[in-house]
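The values are calculated or read from the model by the stated rules, or taken from the named source; none is laboratory data. For clarity, every value in this text was computed on a predicted model and none was experimentally measured. Ideal geometry is used to build each Cβ from the backbone, glycine not excepted, and the neighbour counts take in all protein chains shown.
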Amino acid sequence: MSRDIIRNVGGKITALAALTALGACGLAGLNETPSNGPTAGGSVGGDVGGNVETFSGEVNRFDYDAATDTLSINNLPFDLSGTYTRDPTMDVTGFKAYRNSGGGRNYLAFYAESPGATVGAGAVKTANYNEFGYGGTVLRATRANLPTTGEAQFSGRYAGVRITNPTSGQFNTVDGSASVLVDFRNFDGTGAIDISVSNRNLYDNTGALVGSLPNLAASTTSFQTGSNVLNQTAISEIVAPGTPHLSGTLNGAVGGTVGAGLGGAIAGVIVISGPTSVTGVTAEETGAFVATQSAYTP
């Protein structure tokens, strides 16, 4: 993949305004094909997993300092010391935005944690390269205590950085509502997990609303055996057959105590790419969600 530097960049991305509310269709029935089949034996219940911290892309460290409200991100080129400071003008609901523009390139990052920091997730990208440039994600979770029966619901927020190719050197941002449903009894030993992101909105590099985007729906996934980590699964924009759209992968993890006390939380990271409705234009979206437990049915 070419990552030649964009020289004399400027202007705003407007082509993505053509991506309208194709996601208005419902999500019912869209998660019925499991990406990972059931695993016999074992159980998803009990005290499982451990403290999870995973990275993607070029990122190999992504630390949040609550005292200074800054991020420290490592292994991205031309961001000086890797310190990212708050930019409230780019915040989206549920996620804080951070910028690093003092070096040779302009980076934007999002980060959020659940109450009690049982889970956390973030994403970072730059638009100053041909194609999709450099960036990555972070996913964190504490050890989890999970039931062996029942279903739990989780709800929260999603934030993403969207880059187009060809690019003007400016990024777009995306927000949305994340929804997770977990069945702890089936599949045997691994559970079943459905995840969707609805009400996605696209913003320009100043934070101004551009328009709406299609919903996202993931293939049904499950827990890794004896773990609080989800098996990686496919996720895609939901559009009419034959319509250009973005697709990719989702990774996630659960933390806290899931059950009647509503003490659980799930975080995930999503990377999708593909053609847009504008001929010859492709896009990549790097995002994260944090969802807290909202219900439990034994």
Condition first: touching a residue at least 24 places away in the same chain (Cβ under 8 Å), in a strand (DSSP E or B) and within 25 Å of T220 (Cβ to Cβ). Now tell me which residues in the stretch 158-187 satisfy that. Y158, A159, G160, V174, D175, G176, A178, S179, V180, L181, V182, D183
All positions within the stretch 244-298 that are within 26 Å of G133 (Cβ to Cβ) and among the hydroxyl-bearing types (S, T, Y): S247, T249, S273, T276, S277, T279, T282, T286
Selection from the stretch 18-53 of residues that are buried (at least 17 other Cβ atoms within 10 Å of the Cβ), at pLDDT 50 or above and of a type in the set (S, T, N, Q): S43
Looking at the stretch 177-212, which of its residues are touching a Pro at 6+ places or on another chain (Cβ under 7 Å) and surrounded by fewer than 17 Cβ atoms within 10 Å (Cβ to Cβ)? D188
Flag for G169 being touching a Leu at 6+ places or on another chain (Cβ under 8 Å) and not hydrophobic (A, V, I, L, M, F, W, C): no
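Which members of the stretch 55-74 meet the condition of being of a type in the set (D, E, K, R) and part of a strand (DSSP E or B)?
R61, D63, D65
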Within the stretch 188-207, count every residue that is polar (S, T, N, Q) and assigned to a strand (DSSP E or B). 4
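Can we say G242 is in a loop (DSSP other than H, G, I, E, B) and free of Cβ contacts under 8 Å to residues at least 24 places away in the same chain? Working first, answer last.
On the way: in a loop (DSSP other than H, G, I, E, B): yes; free of Cβ contacts under 8 Å to residues at least 24 places away in the same chain: yes.
Yes: the conditions hold for G242.
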Kindly indicate the residue of the stretch 201-255 that is under 23 Å from M90 (Cβ atoms) and among the hydroxyl-bearing types (S, T, Y) and also modelled with the lowest pLDDT among those meeting that condition. T206
For the stretch 97-117, check the following and say yes or no: at least one residue is touching a strand residue (DSSP E or B) at 6+ places or on another chain (Cβ under 6 Å), of a type in the set (D, E) and within 22 Å of T164 (Cα to Cα). no
Find the residue count for the stretch 218-230, including only residues that are among the small types (G, A, S), within 18 Å of the chain's Cα centre (by Cα) and surrounded by fewer than 23 Cβ atoms within 10 Å (Cβ to Cβ). 1
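Taking the stretch 217-239 as the search range and keeping residues that are of a type in the set (G, A, S) and in a loop (DSSP other than H, G, I, E, B), which one is nearest to N172 (Cα to Cα)?
So, considering only residues that are of a type in the set (G, A, S) and in a loop (DSSP other than H, G, I, E, B), the one nearest to N172 (Cα to Cα) is S219.
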Quick check: is even one residue across the stretch 208-216 over 22 Å from G261 (Cβ atoms), free of Cβ contacts under 8 Å to residues at least 60 places away in the same chain and outside any strand (DSSP E or B)? yes
When you go through (1) closer than 25 Å to H245 by Cβ; (2) free of Cβ contacts under 8 Å to residues at least 24 places away in the same chain one by one for G102, which number turns out not to apply? (1)
Identity of the residue in the stretch 256-279, modelled with pLDDT under 95 and either buried (at least 22 other Cβ atoms within 10 Å of the Cβ) or among the β-branched types (V, I, T) (or both), that ends up nearest to A117 (Cα to Cα): T276
